[in-house]
1. For the stretch A:118-125, check the following and say yes or no: at least one residue is surrounded by 17 or more Cβ atoms within 10 Å (Cβ to Cβ), at pLDDT 95 or above, β-branched (Val, Ile, Thr) and in a helix (DSSP H, G or I).
2. Those residues that are of a type in the set (A, V, I, L, M, F, W, C) and either open to solvent by less than 20 Å² (accessible area, probe 1.4 Å) or facing chain B (nearest Cβ under 8 Å) (or both), I need them from the stretch A:89-103; list them, please.
3. Look through the stretch B:150-160, keep the residues that are more than 7 Å from chain A (Cβ to nearest Cβ) and open to solvent by less than 10 Å² (accessible area, probe 1.4 Å), and return whichever of them is farthest from residue B:124 (Cα to Cα).
4. Return the residues of the stretch B:36-78 that are within 14 Å of chain A (Cβ to nearest Cβ) and closer than 22 Å to residue B:156 by Cα; say none if nothing qualifies.
5. Here's a check for you: in the stretch B:54-84, which residue that is among the charged types (D, E, K, R) and in contact with a Gly (Cβ under 9 Å, 6 or more places away or on another chain) is least open to solvent (accessible area, probe 1.4 Å)?
6. For the stretch A:1-17, indicate whether the set of residues that are closer than 27 Å to residue A:368 by Cβ, touching a Lys or Arg at 6+ places or on another chain (Cβ under 8 Å) and open to solvent by less than 50 Å² (accessible area, probe 1.4 Å) is non-empty.
7. Scan the stretch B:126-149 and report the pairs whose first residue is within 11 Å of chain A (Cβ to nearest Cβ) and whose second residue is open to solvent by 20 Å² or more (accessible area, probe 1.4 Å) and of a type in the set (Ser, Thr, Tyr), with Cβ atoms within less than 6 Å and a gap of 6+ or a chain change.
8. Restricting to the stretch B:341-353, give me the number of residues that are of a type outside the set (A, V, I, L, M, F, W, C) and buried (at least 16 other Cβ atoms within 10 Å of the Cβ).
There are 2 protein chains.
Amino acid sequence: MPDTPSASGLLTGYLDECRALVVEEIRRLVPADRPHAAFLYELMLEYPLREAKGLRPALCIATCRALGGTLEAALRPAAALELYHNAFLIHDDIEDESHLRRGRPTLHHLHGVPVAINVGDAMLALSLQPLLDNIGFIGLGPSLRILQVVAHMARESSEGQALELEWIRRGVWALEDEDYVRMVEQKTCWYSFITPVKVGAIAARQDERRTGMLAEFARCLGIAFQIQDDVLNLSGDVGAYGKEIGGDLWEGKRTLMLLHMMRHATSEERAEAGRILSLPRPGVHPSAQGSALEPLLEQLVTEGELLPGGRERLLRVLAASHPPREEKTPEQVRFLLGLIQRHGSLDYARQKAREWLRRAEESLTACEGWLLPSEHRTLLHTLLSYVLQRVK
Amino acid sequence: MPDTPSASGLLTGYLDECRALVVEEIRRLVPADRPHAAFLYELMLEYPLREAKGLRPALCIATCRALGGTLEAALRPAAALELYHNAFLIHDDIEDESHLRRGRPTLHHLHGVPVAINVGDAMLALSLQPLLDNIGFIGLGPSLRILQVVAHMARESSEGQALELEWIRRGVWALEDEDYVRMVEQKTCWYSFITPVKVGAIAARQDERRTGMLAEFARCLGIAFQIQDDVLNLSGDVGAYGKEIGGDLWEGKRTLMLLHMMRHATSEERAEAGRILSLPRPGVHPSAQGSALEPLLEQLVTEGELLPGGRERLLRVLAASHPPREEKTPEQVRFLLGLIQRHGSLDYARQKAREWLRRAEESLTACEGWLLPSEHRTLLHTLLSYVLQRVK
């Protein structure tokens, strides 16, 4: 499908509309009879109300409707997934020590870690409700299947998150593409792509076979999307969605490019890159006290107010109480980026994204016979060309 | 019911048995085909395997069986609640900056905050599964009612947690008993008492009326239990379950005793108590650098290696970079305890616990006609005398 202005217009319009419907649904979920917990419900809306693409609601609704299901049938599950997604982001931002989310400070930067953990938990709790409420609209059988898929999804997401945290904890960098793909599939694809599509298909009363075929389309699209998201993060073209440029390198995030570079770098490059990647990003940990005092100590010695022996003793105590914490520097991050460029890792990742997109397209084509010709089916194709356009 | 040795023997035996069954069930839930996430599932078992009373599984199973339901019907929901409970504890320990849980370091102290948040999330995700699996055993209708109750429970817990965090954030100490009761009911009773009993009753296919009557028994028992738990924390008789003695005062936890004391203290006492309570507990924040260096600075001045003017300049820089953070001292905590004793707040709380126990007993008596005479019904009565014994 060509990427025409009208296709991009459809995409934006469709996404915005779905997002608005889902946000309205989330607002409806907030109980009105809980004035004593008003601050909690206000914070629960903070992330969902920030500007976002609305990809998940659109995937869920478009799949349901392209299969002859109603908007009504998909709306509550779409709201549940959007709540889950935002809860996951809140906890993920704490775990990754992220500063920004959608162009504004992360929730734990605004309100502290305890409040942010609890707001996430409250959103997870609330996300069950629309799935239970949906029984009256789509019946027991499909509702239970959706609950099963969502329970499965939540397990996959936390396993993917655990995998990434374990790599970070153990300083693992020697990873293959399939390790990356497994982590992305579990951590991101399951809740952002596979489940919205599965849930949309189940809400439209489709059987396991069709649901599975669409899920495979979603899986491949999701992997392509994530690779491309990682590429954009490094190439500085991050659009209007507020992530920090190059933030992935500062955070030491395992991306296809970074892993490719680590596999192809010389052993000296690899050693230096590994050392840099193991350093914390600046500002995450309290800065070393010693370095702040050192210039003053020098000055006092110069002015004769402090003897060199006294300075040494002070420095020893300072070093013992606050071991110097090296942090990543902009030069080091530029060094990493240089290695990635030199080893052709960005082009490699773009190529991989295109391969996953091709698989997504093939999977969608296999469903063509039983997807109703409609703007909803067109939307699914447009998503492919949207990601392809980002790959260019 | 008299508190005889045999009653206490029944209690311990019953609780241990239920706990063992539920732990076995939780072990069964851990997927065997996930070697790449083995470390995650190992950490998920860490809290459930630590020594614990097993109150929740026993409440759920005893209620179900006293109503003619089978062990089989209650076991999976009991495991779901135990998983939820332990997930909540992991997140709560991070939020409260607690050091110990059941006599061992808290999960985030052992493995860091990111891992601990994710393990909690993974347990929440897994807790849905036994509720869905239970459909095959107790049927669709009761399973859906249980899902509704659990969704409701999760909302109540996070609202209760939000309420307490908001009091902490705003430094609120002027609270009435009903504020405390509301917080405890939401934060603790719902998942520890009300839901185990409700779920047990629904698993035994009881109607709304009976389920509601038993839930009222559980609510009153839970409030009595929590008040008494708070009393024991201050009176140093904490049993074998590993909480820090007086830890509630160090943490500045809102308890019935503390709120009673604050209402009855003189305005001077109240001002001083409020000031102490607003201080952090030691060790939570990095200790002030200045105080560690000060003795050395003194010594250097004494030894003539540093001039007094240089010391002043160093102290100014230290103070500016690390504003001195006052922390609670043992004397201050003893001062709070003294106020609580002087104003009769412990006796007041014990009296309130007895009142709630009386209400619990009345509620249970109202159910007497339709609870089968059995060790399961006896267990529910024994729980009353167990809490009463703790009140003495």
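The values are calculated or read from the model by the stated rules, or taken from the named source; none is laboratory data. Bear in mind the structure is a predicted one, so any value in this text is a computation, not a measurement. We place every Cβ from the backbone using ideal geometry, glycine too, and count neighbours over all the protein chains shown. All accessible areas refer to the heavy atoms of the entire protein, side chains included, with ligands and DNA or RNA removed. Shrake-Rupley method; radii C 1.70, N 1.55, O 1.52, S 1.80 Å.
1. yes
2. Answer for the stretch A:89-103, where residues must be of a type in the set (A, V, I, L, M, F, W, C) and either open to solvent by less than 20 Å² (accessible area, probe 1.4 Å) or facing chain B (nearest Cβ under 8 Å) (or both): A:89, A:90, A:94.
3. B:160
4. B:76, the sole residue that qualifies.
5. B:82
6. yes
7. Within 6 Å, the pairs are B:127/B:84.
8. 5
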